[in-house]
1. Kindly state which helices (runs of 4 or more DSSP H) lie completely within segment 177-281 and contain at least 2 residues that are modelled with pLDDT of 85 or more, of a type outside the set (Phe, Trp, Tyr) and closer than 17 Å to residue 126 by Cα.
2. Pairs, please: C-beta under 7 Å, at least 6 apart or cross-chain, first residue of a type in the set (Val, Ile, Thr) and in segment 243-267, second in a helix (DSSP H, G or I)?
3. Which ones in segment 86-116 are over 15 Å from residue 163 (Cβ atoms) and either of a type in the set (Val, Ile, Thr) or open to solvent by less than 60 Å² (accessible area, probe 1.4 Å) (or both)?
4. Give 74, 159 a once-over and let me know the one that is among the aliphatic types (A, V, I, L, M) and over 23 Å from residue 210 (Cα atoms).
5. Restricting to segment 118-172, name every residue that is of a type in the set (Gly, Ala, Ser) and surrounded by 16 or more Cβ atoms within 10 Å (Cβ to Cβ).
6. Every residue in segment 189-209 that is of a type in the set (A, V, I, L, M, F, W, C) and open to solvent by 90 Å² or more (accessible area, probe 1.4 Å), please.
7. Can you tell me which of 67, 84, 79 is modelled with pLDDT of 90 or more and closer than 22 Å to residue 148 by Cα?
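The values are calculated or read from the model by the stated rules, or taken from the named source; none is laboratory data. Treat the numbers as computed from the prediction; the structure is a model and nothing was measured. Glycine also receives a Cβ, built like all others from the backbone with ideal geometry; neighbour counts cover every protein chain displayed. Surface areas here come from the heavy atoms of the whole protein model, side chains and all, with no ligands, DNA or RNA. Shrake-Rupley method; radii C 1.70, N 1.55, O 1.52, S 1.80 Å.
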Amino acid sequence: MRIEKVLNNNVIVALDEHGAETVLMGRGLGFGRHAGDQVPEDEAVEKRFTLHNEQLSDKFQQLMTSIPLPHFMMSERIINHAKIALGKELSDSIYVTLPDHISAAILRYQEGITLSNPLLWDIRQFYPDEYAVGHKANEIVFEETGVHFTEDEAGFIAMHFVNAQVGGEIRDVYDMTYLMQEVFRIVQEEFGIAPDQDSLDYYRFVTHLKFFARRIVSGQRYGDDEADLLEVVRFKYPRSFACAQKVCEYVEREKGFQSGQNELLYLTIHIARITGKGDDD
């Protein structure tokens, strides 16, 4: 394998056996070497990454020239933990977005600049597994750098892992979270109670809202083949149905998304379950 370019003393780019650009990392790996040189023996290579998306690969290479190698290695340790903890496949984009965030955050904290996270409560409730990963990331950062990230930062980190699962842009993930926040506000105003966050019905509703929000962001919607059942549910749970209508009206007003009868049906059922009132109370 021959070197295609040297990014810095610790990072080089080479073409693998399939002709794909591969980023190789190791302390001193690029020192004194040039394009066309033979890649050194494997013991000098500590990490190897092949990103098959060309645009993503370019961003990755740019990132490697702008952040300290220890920050990237630390981020990679966090990503490996997340893969095990979440048990889900993550987009290669996480190898760009997370190191970039972690490195910038470390510099901010060292300068005494911390940011509050207005969605922290919601992130804890809607994405508990990802938030736990964010909390673990805080521990790893403190262990390796002595920088103490706040819980707000754990929330920011969690959102990167949410985004790495659903794809798209990080702003879409924030839009989805704001949407779920607003849905629960509508439900609480309508029924005057906060749902039991430890209940299975609450977990199911949050899961449904994640997919609902994703459909809104992507512009996809359910069909309308459950009209008869909707009438039954509408009669049985009139308050929950009215609440679900308010949610759909909000979504159409704010997002221009028409939810359809099936979405109204599922929202009504979930709202009836999490409020536990049955509409006769």
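1. Result: 261-275.
2. What qualifies is 247/183; 247/186; 247/267; 251/216.
3. Residues satisfying the conditions are 103, 104, 105, 106, 108, 109, 113, 114.
4. From the options 74, 159, the qualifying one is 74.
5. If the condition is that a residue be of a type in the set (Gly, Ala, Ser) and surrounded by 16 or more Cβ atoms within 10 Å (Cβ to Cβ), then 132, 134, 137, 154, 155, 158, 164 are the ones that fit.
6. Answer for segment 189-209, where residues must be of a type in the set (A, V, I, L, M, F, W, C) and open to solvent by 90 Å² or more (accessible area, probe 1.4 Å): just 200.
7. Exactly one residue qualifies, and that residue is 79.
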